[in-house]
1. Given (1) touching a residue at least 12 places away in the same chain (Cβ under 8 Å); (2) within 26 Å of GLY216 (Cα to Cα); (3) assigned to a helix (DSSP H, G or I); (4) not hydroxyl-bearing (Ser, Thr, Tyr), where does LEU47 come up short, assuming only one miss?
2. Do you know which residues across region 16-35 are at pLDDT 90 or above and in contact with a helix residue (DSSP H, G or I) (Cβ under 7 Å, 6 or more places away or on another chain)?
3. Taking SER51 as the residue in question, decide whether it is at pLDDT 90 or above and either of a type in the set (S, T, N, Q) or buried (at least 16 other Cβ atoms within 10 Å of the Cβ) (or both).
4. Out of all the residues in region 57-116, which are among the charged types (D, E, K, R), in a helix (DSSP H, G or I) and at pLDDT 90 or above?
5. If we keep just the residues of region 99-157 that are among the small types (Gly, Ala, Ser) and under 17 Å from LEU202 (Cβ atoms), which is surrounded by the most Cβ atoms within 10 Å (Cβ to Cβ)?
6. If you take the residues of region 98-145 that are of a type in the set (Val, Ile, Thr) and in contact (Cβ under 8 Å) with a residue 40 or more places away in the chain, which of them is nearest to ARG178 (Cα to Cα)?
7. Could you count how many residues in region 38-57 are under 33 Å from the mean Cα position of the chain (by Cα) and either acidic (Asp, Glu) or farther than 20 Å from LEU249 by Cα (or both)?
8. How many residues, within region 217-273, are buried (at least 16 other Cβ atoms within 10 Å of the Cβ), among the acidic types (Asp, Glu) and at pLDDT below 90?
Amino acid sequence: MKTARYIFLRPGLAIGVFILAFTGLVALLAPWVAPHDPFEQELLFGLGTPSAGHIMGRDLLGRDVFSRIIHGSRISFSVGFIVIGISASFGIFAGSVAGSIGGRAEMLLMRIMDMAQAFPGLLLAISIMAVLGPGFGNLTLALCLTGWVNFARLTRGQILSLREREFVTAAIASGADRTRLVFFHYLPNAAAPLLVEATFGLASVIVAEAGLGFLGLGIQPPAPSWGSMLNEGRPFLLIAPHLTLFPGLCLLLLVLGVNLVGDALRDMLDVKI
């Protein structure tokens, strides 16, 4: 009841939850929700404008834009959740090792994090994709290699601040080992900032996936990735603006919804507030 009331009293959170829930449901039910086959071509109706049968128009090959956007949401969610899941798991593990063990292990991990952050994340992902080649697996790997560092640094910082707390000192005095400290004392108390980081990281991954798709380094056609759809519609901005308008709006709304939820979670889980 308290959570429902909190959502009702915060319009931004309500909007964000609605966008995420609606988009997630559409992505889950894409094969049954999409009115047309996203791969079906009708070359005679290429670049068709929005109409009653095709509310978002057709692309150059006569494929239904609305159906391709619906199926494209599955790619955005799949890449986003897989990358965040792997990045968070590895980053939390690395940060836990660095924060709880210290010494040479911490120094080695910190230098690796510094090297990973020496380049902008998207630029590093572009370089990795240029070497490995496009594809779902390589895209996921490239984004994971650039996304784990934030989780590792945040986990390490939280553990360093918690090590001086009285309940940790009491647990050590009672004989708790490092493993018990990490799983029963450090990580539960660091869960709130890590959850917020994961939420904002999801938005960043979705944008990065679309950016790589726009550059031709992400999911390859004919798969209906939103980024590749934007790239396909770029040459026709003046004669068929719907090819870029609708995928761009969907990407904007999805990222907006994730950020609204992230802002609300940050306020909900902030003990100072």
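The values are calculated or read from the model by the stated rules, or taken from the named source; none is laboratory data. Small disclaimer: the values here were computed from a predicted structure and weren't measured. Virtual Cβ from ideal backbone geometry, glycine too; neighbours counted across all protein chains shown.
1. (3)
2. Answer for region 16-35, where residues must be at pLDDT 90 or above and in contact with a helix residue (DSSP H, G or I) (Cβ under 7 Å, 6 or more places away or on another chain): ILE19, LEU20, THR23, GLY24, VAL26, ALA27, ALA30, VAL33, ALA34, PRO35.
3. No.
4. ARG68, ARG74
5. ALA142
6. Ranking the qualifying residues of region 98-145, first place goes to ILE101.
7. Residues meeting the conditions: 5.
8. 1
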